[in-house]
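For reference, the structure discussed in these notes is given below.
The values are calculated or read from the model by the stated rules, or taken from the named source; none is laboratory data. Please read all numbers here as calculations on a predicted model, not as lab measurements. Positions of Cβ are backbone-derived with ideal geometry, glycine not excepted, and every protein chain shown enters the neighbour counts.
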């Protein structure tokens, strides 16, 4: 076999061969921001662990100019074959002589282009004194370090990094470590960074641009710096405060100090995600890090807090201890999501963030009830499959099962276990089973046998509960929105209370079904008279919604719970859970829409944010389906929903009052947005009046940040009769210098019922006026009337969309434009269109979106069978006012 044939063996392999292991990278990069190119030289210290004639590493879209290997005896060897394989993104080096085991240095000189795809080392633009200029930023997760320099681009192959940059002398350079030295030679500045500790390639980071800078030093002596667009350092103060507090919280929680000398955070104008946890240099899109009271909503303040806490948490869970391979990605994202809520609750207890965590995990419950879901531990054969693993299962279901386990084990023991885990695997890599092993060791519980059922199989159970002579019958089955029956079985931590939160029972449901004798938990006839006994005999399963499962009650238990809600016996989280489960069971056609509407009526006077937010969410979703099922009832349904919300709207008013709570601001925004979307005439009238005041004076207090989106929706809902509002809103976007204002406009522009204006809006989204990353704000806002037009538009523009956008952005087009449909005919049409167009980057998302359409098509047929009862019920509910 000749050398070229030998090289062929490395093509098409999912992982790199392991005969050479990197230990240290000495990386030099020279940036040319005018030409948008870079050149570099990397010296990689290797351990050759098996004799070989080959070295294989990752490289993509780079030009390799020179390669040589220096042995420990200082012999310089030049490879006879240098082969870059674009499909596999590998650089294969073949040598005439065998490389013996031991240490050596691989040196590679290379060059490349700053791309515009928001990955690898890429170009983005900013405006300095009216002049548009280029800057350079990195995004290496998951597989994009290879776009910047040749490397072993797998998370388990950790190494140290010493980075040197050449850049224009007027710019600022940031990387993972502090600057060790700087030298200026004319217009070029050379920046030498300190050598990093061991880390994975996907955590290496660089940002080069013009920034304003603020910083604080923590009690432990860690310098925390925030780098903002010039002139906006004040908008970075809140993120800086959150980061400093988060470092302190996590240092104490993990009993492990933050391991680097500094932590910088930088806001850049173009960035695909919300934030990226690069070791020592967290990079954010601007509106995820910048905050100002006068422009930012309560929702944005809360989101910023959670995002910053999430990225800081990764410095331990993900960076210090890293998943061994992308199959275990959830160890990074599920834990960072869960603990970011914990940190937020410590910083802002008045936000009641754990009740809002129920909204966070709802996306996981929804996706995992589909047949096209996947396990938390999603088997990743090839690295390129990982893009689709960054979804609601890893983040939301992952965080939910962690919370469920924490509740089962207990807070103190759980914290002790995590500290032990961090210490054991610091600077190293771990698998899911390593975490379970530590938890089992500390607790004495066989955690893996319980948790494997939650992480290694997809889906979750619905627990059916019936009562018979004080015997409670529990039965689990896999919950699927499609109505099909899965064969999954779980070890389920069941919690329940009997008529009071003082009478609680918990047990593990380890079999398909189990009976529980609850006689001693019910009040005796001596304690209660018959009427009181009836009221006290309600049973709520899954207390506080801490378990990742649905509950379906028998008729008698269901009736008792409805009475308990009316009488105010239940906690906020349990009232939320009952409505959420009922809605899911309705979508799965296991309970009627009429029963759901009757339950929603019980919540008519609710004033708690989390419950009202759930009610609004259900309103939107039910309206979407009823339009297809029984179109003539649409207006009556809207009227009913408006009546449910008006009580809260009157209490809230359009303007904030001094000293009101954070949750009140959140609630005001959501209630008025919903009323505007449901075309409530008085809301539209008030919104248009306030919008005009805003146009006359952009600093007016007559339209607050929390109510702007409601006003903008009202403007666009009326754009079918007049273009003036649409033109005015476009001008607001174009005049805005704040990313927060641009986001408000983008989120609402597509809410117009006018087909012609919607097409203009969609074309605007893909124009040069909107940054690629910001399209994700606009697409979810497409009006119910506009879905057919949006689908036509996407088909017409598909070639442009797929050529310009790739990976994660494509999934937003797919999900937001396809999943709102509600008919099998439309699902068939979508399948036919994509039959020859689907690519691996969005294949799973496409299947999930089509499944959602078919789930709703089934619900539409079910609702049609309820036509007369629904008509009668809506007449009755609307009359209640």
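Residue check: is residue 426 touching a helix residue (DSSP H, G or I) at 6+ places or on another chain (Cβ under 9 Å) and either crowded, with 17+ Cβ neighbours inside 10 Å or touching a residue at least 12 places away in the same chain (Cβ under 8 Å) (or both)?
The answer is no for residue 426.
Which numbered condition trips up residue 579, out of (1) over 27 Å from residue 503 (Cβ atoms); (2) buried (at least 21 other Cβ atoms within 10 Å of the Cβ); (3) without any contact (Cβ under 8 Å) to a residue 40 or more places away in the chain?
Against the list (1) over 27 Å from residue 503 (Cβ atoms); (2) buried (at least 21 other Cβ atoms within 10 Å of the Cβ); (3) without any contact (Cβ under 8 Å) to a residue 40 or more places away in the chain, residue 579 comes up short only on (1).
Can you report the number of residues in region 826-841 which are in a loop (DSSP other than H, G, I, E, B) and modelled with pLDDT of 85 or more?
Count: 4.
So, residue 499, is that one crowded, with 16+ Cβ neighbours inside 10 Å, over 30 Å from residue 854 (Cα atoms) and in contact (Cβ under 8 Å) with a residue 12 or more places away in the chain or not?
For residue 499, the condition - crowded, with 16+ Cβ neighbours inside 10 Å, over 30 Å from residue 854 (Cα atoms) and in contact (Cβ under 8 Å) with a residue 12 or more places away in the chain - is met.
Taking region 205-221 only, how many residues are in contact with a helix residue (DSSP H, G or I) (Cβ under 6 Å, 6 or more places away or on another chain) and in a loop (DSSP other than H, G, I, E, B)?
Here the count works out to 1.
Run down 330, 325 and say which single residue is within 25 Å of residue 433 (Cβ to Cβ) and surrounded by 22 or more Cβ atoms within 10 Å (Cβ to Cβ).
Criteria check complete, one pass: 330.
Does region 194-202 contain any residue that is in the same structural domain as residue 33 (by TED's automatic domain parsing), within 23 Å of residue 307 (Cβ to Cβ) and in a helix (DSSP H, G or I)?
The answer is yes, given that some residue of region 194-202 is in the same structural domain as residue 33 (by TED's automatic domain parsing), within 23 Å of residue 307 (Cβ to Cβ) and in a helix (DSSP H, G or I).
Pick from 336, 313: which is within 22 Å of residue 199 (Cα to Cα), buried (at least 20 other Cβ atoms within 10 Å of the Cβ), under 14 Å from the mean Cα position of the chain (by Cα) and touching a residue at least 24 places away in the same chain (Cβ under 8 Å)?
Exactly one of 336, 313 is within 22 Å of residue 199 (Cα to Cα), buried (at least 20 other Cβ atoms within 10 Å of the Cβ), under 14 Å from the mean Cα position of the chain (by Cα) and touching a residue at least 24 places away in the same chain (Cβ under 8 Å), namely 336.
Report, by residue number, each residue of region 223-246 that is in contact with a helix residue (DSSP H, G or I) (Cβ under 6 Å, 6 or more places away or on another chain) and either more than 24 Å from residue 210 (Cβ to Cβ) or in a helix (DSSP H, G or I) (or both).
Hits for region 223-246 are 239, 242, 243, 245, 246.
May I ask you to say which residue of 713, 757 is touching a helix residue (DSSP H, G or I) at 6+ places or on another chain (Cβ under 9 Å), assigned to a helix (DSSP H, G or I) and surrounded by 23 or more Cβ atoms within 10 Å (Cβ to Cβ)?
Sole residue among the options that is touching a helix residue (DSSP H, G or I) at 6+ places or on another chain (Cβ under 9 Å), assigned to a helix (DSSP H, G or I) and surrounded by 23 or more Cβ atoms within 10 Å (Cβ to Cβ): 713.
Would you pick out the residues in region 450-473 that are outside any strand (DSSP E or B) and closer than 29 Å to residue 848 by Cα?
450, 451, 452, 453, 454, 455, 456, 457, 458, 459, 460
Only one of (1) free of Cβ contacts under 8 Å to residues at least 60 places away in the same chain; (2) assigned by TED's automatic domain parsing to the domain that holds residue 490; (3) surrounded by fewer than 20 Cβ atoms within 10 Å (Cβ to Cβ) fails for residue 554. Which number is that?
Failed condition: (1).
Within region 365-377, can one find any residue that is surrounded by fewer than 20 Cβ atoms within 10 Å (Cβ to Cβ), touching a residue at least 24 places away in the same chain (Cβ under 8 Å) and more than 30 Å from residue 484 (Cα to Cα)?
No, region 365-377 contains no residue that is surrounded by fewer than 20 Cβ atoms within 10 Å (Cβ to Cβ), touching a residue at least 24 places away in the same chain (Cβ under 8 Å) and more than 30 Å from residue 484 (Cα to Cα).
Out of the residues in region 251-274 meeting the condition of being buried (at least 22 other Cβ atoms within 10 Å of the Cβ) and in contact with a strand residue (DSSP E or B) (Cβ under 8 Å, 6 or more places away or on another chain), tell me which one is farthest from residue 741 (Cα to Cα).
Across region 251-274, the extreme among qualifying residues is 263.
Would you check if residue 322 is in a strand (DSSP E or B) and in the same structural domain as residue 353 (by TED's automatic domain parsing)?
yes
Tally time: how many residues in region 174-193 are touching a residue at least 40 places away in the same chain (Cβ under 8 Å) and in a strand (DSSP E or B)?
Of the residues in region 174-193, 2 are touching a residue at least 40 places away in the same chain (Cβ under 8 Å) and in a strand (DSSP E or B).
Can you give me the number of residues within region 644-661 that are surrounded by fewer than 17 Cβ atoms within 10 Å (Cβ to Cβ) and either at pLDDT 95 or above or assigned to a helix (DSSP H, G or I) (or both)?
3
Could you please find all residues in region 437-447 being surrounded by 20 or more Cβ atoms within 10 Å (Cβ to Cβ) and without any contact (Cβ under 8 Å) to a residue 40 or more places away in the chain?
If the condition is that a residue be surrounded by 20 or more Cβ atoms within 10 Å (Cβ to Cβ) and without any contact (Cβ under 8 Å) to a residue 40 or more places away in the chain, then 438, 439 are the ones that fit.
What do you reckon, is residue 301 in a helix (DSSP H, G or I), under 30 Å from residue 703 (Cα atoms), in contact (Cβ under 8 Å) with a residue 12 or more places away in the chain and outside the structural domain of residue 129 (by TED's automatic domain parsing)?
yes
Go through (1) assigned to a helix (DSSP H, G or I); (2) surrounded by 23 or more Cβ atoms within 10 Å (Cβ to Cβ) and name the single condition residue 682 misses.
Unmet condition: (2).
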